[in-house]
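Here the structure is laid out as structure tokens; the discussion comes afterwards.
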Amino acid sequence: MAVNGVDASETDFVEMKARCQLIFDADPSQCHTDASLRRFLRAFLTVDDAFKALLKCNKWRRNFGVDSLSPEDPDILSELGTGKAIMLSHRDVRGRPIIYIAVRKHSVYERDIDKLTKFIVYILENGCRKCNEDVIDNLCIVFDLKEFSMGCMDYQFVKNLIWLLSKYYPERLGVCLIVNAPMLFYGCWTAIKPWLNEVTASKVTFVNDEKTMMEYLHPDMLPQD
């Protein structure tokens with residue numbers, strides 16, 4: 001058995017791979033890399049639980065149409081136009097792809113949660129494809145709270161993102177940076193933090209100064225508009 005967030009034993013990995021290989025051979029579209037199998041084991045701890053989670057993930061990907069998501073999709077195209085979430089061209093200091101979310105460009109009163117969820121899955125997929133699994137296989141997600149207001153605070157979106165990362169993109173979150181957080185947001189964080197398990201919560205860092213930012217990425221990498 002693995003400890004949450006820690007690599008599983010080689011014995012567990014061999015057993016997990018043997019179980020999955022039967023499915024992969026029958027349906028190559030369900031294949032996962034060795035790195036993916038190890039992520040499921042780290043997240044779900046036992047071979048049984050990791051195997052069940054992987055099957056559920058594959059079913060969700062098929063039903064959601066993950067592999068067919070594209071920027072030509074009208075829902076995704078409209079969200080891309082807002083600039084609220086983008087992949088940055090640079091990487092953080094550990095080589096992780098960076099997903100940048102400009103919270104001020106989001107309105108909880110105007111969004112369609114299903115379209116927004118489709119968009120964030122598209123962004124996560126892009127980020128995962130940019131990972132070099134031989135080097136580092138997780139992401140840096142930056143929430144920029146400059147000009148934050150309660151009209152930007154979308155609890156349902158946050159719940160959906162947590163669900164996606166925990167169930168279908170396990171161990172893909174390397175670090176989550178909260179930058180430019182006003183005092184107003186700390187009350188929101190009090191509500192959000194209990195939704196996270198201990199390992200995920202430990203990956204969330206509030207960045208309040210340039211020195212802390214430099215530990216993760218250069219400030220000039222972040223959009224200024």
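The values are calculated or read from the model by the stated rules, or taken from the named source; none is laboratory data. From a predicted model like this one, the values you see are computed outputs, not experimental measurements. All Cβ positions, even for glycine, are placed from backbone atoms using ideal geometry, and neighbour counts span all protein chains on display. Heads up: the accessible areas ignore ligands, DNA and RNA and are worked out on the full protein's heavy atoms, side chains in. Shrake-Rupley method; radii C 1.70, N 1.55, O 1.52, S 1.80 Å.
Across region 150-203, what is the total count of residues that are of a type outside the set (Asp, Glu), part of a loop (DSSP other than H, G, I, E, B) and closer than 27 Å to residue 53 by Cβ?
7
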### Task
May I ask you to verify whether residue 167 is among the basic types (Lys, Arg) and surrounded by fewer than 12 Cβ atoms within 10 Å (Cβ to Cβ)?
no
### Message
Scan region 181-200 and tell me whether some residue there is hydroxyl-bearing (Ser, Thr, Tyr) and closer than 16 Å to residue 138 by Cβ.
### Response
yes
#### Entry: Where residue 56 falls short, out of the listed (1) in contact with a helix residue (DSSP H, G or I) (Cβ under 8 Å, 6 or more places away or on another chain); (2) open to solvent by less than 60 Å² (accessible area, probe 1.4 Å); (3) part of a helix (DSSP H, G or I)
(2)
### Task
Check region 86-105 and report whether any residue there is within 22 Å of residue 197 (Cβ to Cβ), open to solvent by 30 Å² or more (accessible area, probe 1.4 Å), among the hydroxyl-bearing types (Ser, Thr, Tyr) and out of contact with any helix residue (DSSP H, G or I) (no Cβ under 6 Å at 6 or more places or on another chain).
no
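Mind checking whether some residue in region 188-204 is among the hydroxyl-bearing types (Ser, Thr, Tyr), open to solvent by 30 Å² or more (accessible area, probe 1.4 Å) and touching a Cys at 6+ places or on another chain (Cβ under 9 Å)? Give the steps one after another, and end with the answer.
At the first step, the residues of region 188-204 found to be among the hydroxyl-bearing types (Ser, Thr, Tyr) are 190, 200, 202.
Filter again for open to solvent by 30 Å² or more (accessible area, probe 1.4 Å), leaving 190, 200, 202.
Now drop any that are not touching a Cys at 6+ places or on another chain (Cβ under 9 Å), which leaves 200.
Looking for residues that are among the hydroxyl-bearing types (Ser, Thr, Tyr), open to solvent by 30 Å² or more (accessible area, probe 1.4 Å) and touching a Cys at 6+ places or on another chain (Cβ under 9 Å), one finds at least one in region 188-204, hence yes.
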#### Entry: Considering residues of region 24-60 that are more than 23 Å from residue 136 (Cα to Cα) and charged (D, E, K, R) only, the residue farthest from the chain's Cα centre (by Cα)
25
